[in-house]
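Only the coordinates and a few stated rules stand behind these numbers; no lab work does. It should be emphasised that the depicted structure is a prediction, and the values quoted were computed from it without experimental measurement. With ideal geometry, Cβ positions are generated from the backbone for all residues, glycine too; neighbour counts draw on all protein chains shown.
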Amino acid sequence: MAIAGVILFAKSIKLTKKFTSALDIPVEFIEKNVKLRGKLCHITEKGLEVEHVPISLPFLSSLQRKWQSNGVLLVRLAGVELTPNAMVWLQEELKPAQMMWFQLLGREDLVLDCLILVNKGRFFSVCLNEEILRQGLGKTTRIEGLHHDSPLYWKLHKRLLQAELKALKKNKGIWKEESYLEKLRDHISNNKFVQKLKQFVNWLRIHI
């Protein structure tokens, strides 16, 4: 019993430790895709700067505050290639010091690839990775950090593709712009003057 108590205590210490760098996070946390809680500090082109807010235990809270150091984690939205408009959307949607959960999927140097969840009301949460795709503000990419043949990879990739498909069907964001360009190209190619010009160019190639 005593040994089990020591193991549980050691695990609780890990969960209550404040991480100020991606390198501080234990490998097993990333391998097990642990969810961490954090507070938004800044939105940058490289990702979200988030201050980790660890679990607080009543009998350790005062010591935790003494041990905790300052620093932020750079969190990237896994599986999503953001457009410039996505940055604007994030700045409008996320409040200063917004609380969020980020599920660890991978780590690349000092950057964490995560699924990011934010609360919308008391009983509803939104996955930012999916929501950005639903708004047509990004495209799906490979989910870094996860093995390509793992069940979790394809489960998450399917969710992201479904979100992107919704934007495509509704012509939202980048898909609206691309559909406009396609219509414009069709209009130009079907233009009688352009068709006659093509015929004239072809005639010149044959006879010159």
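Rounded to a whole number of µm²/s, how large is the Stokes-Einstein D of the stretch 73-128 at 20 °C and 1.002 mPa s, given Rh as the Kirkwood radius over C-alpha pairs? Write down the numbers at each step before the final one.
Details: Rh = 12.3 Å.
Result for D is 175 µm²/s.
Taking N as the number of residues in the stretch 32-172, what value does Rg over Cα atoms divided by 2.2 N^0.38 Å take?
Output field value: 1.10.
Could you give the length gained on full extension between His42 and Thr20, defined as 0.36 nm per residue of separation minus the Cα-Cα distance, in nm? List each step's numbers first, then the result.
Details: separation 22, 0.36 × 22 = 7.92 nm, distance 1.46 nm.
Extra length from His42 to Thr20 when fully extended: 6.5 nm.
For the pairs Lys35/Lys155; Lys18/Lys155; Lys35/Lys166; Lys17/Lys155; Lys39/Lys166, flag any whose C-alpha to C-alpha distance is greater than 25 Å.
From the list (Lys35/Lys155; Lys18/Lys155; Lys35/Lys166; Lys17/Lys155; Lys39/Lys166), the Cα-Cα distance tops 25 Å for Lys18/Lys155; Lys35/Lys166; Lys17/Lys155; Lys39/Lys166.
Just to confirm a number: summing +1 for Lys and Arg and -1 for Asp and Glu over residues other than Ser125 whose beta-carbon lies under 12 angstrom from that of Ser125, what do you get?
Residues near Ser125 contribute +1 overall.
Label-point separation (nm) for Glu49 and Lys35, each offset 7 Å from Cα along Cα-to-Cβ?
Using points 7 Å along Cα→Cβ, the separation is 2.7 nm.
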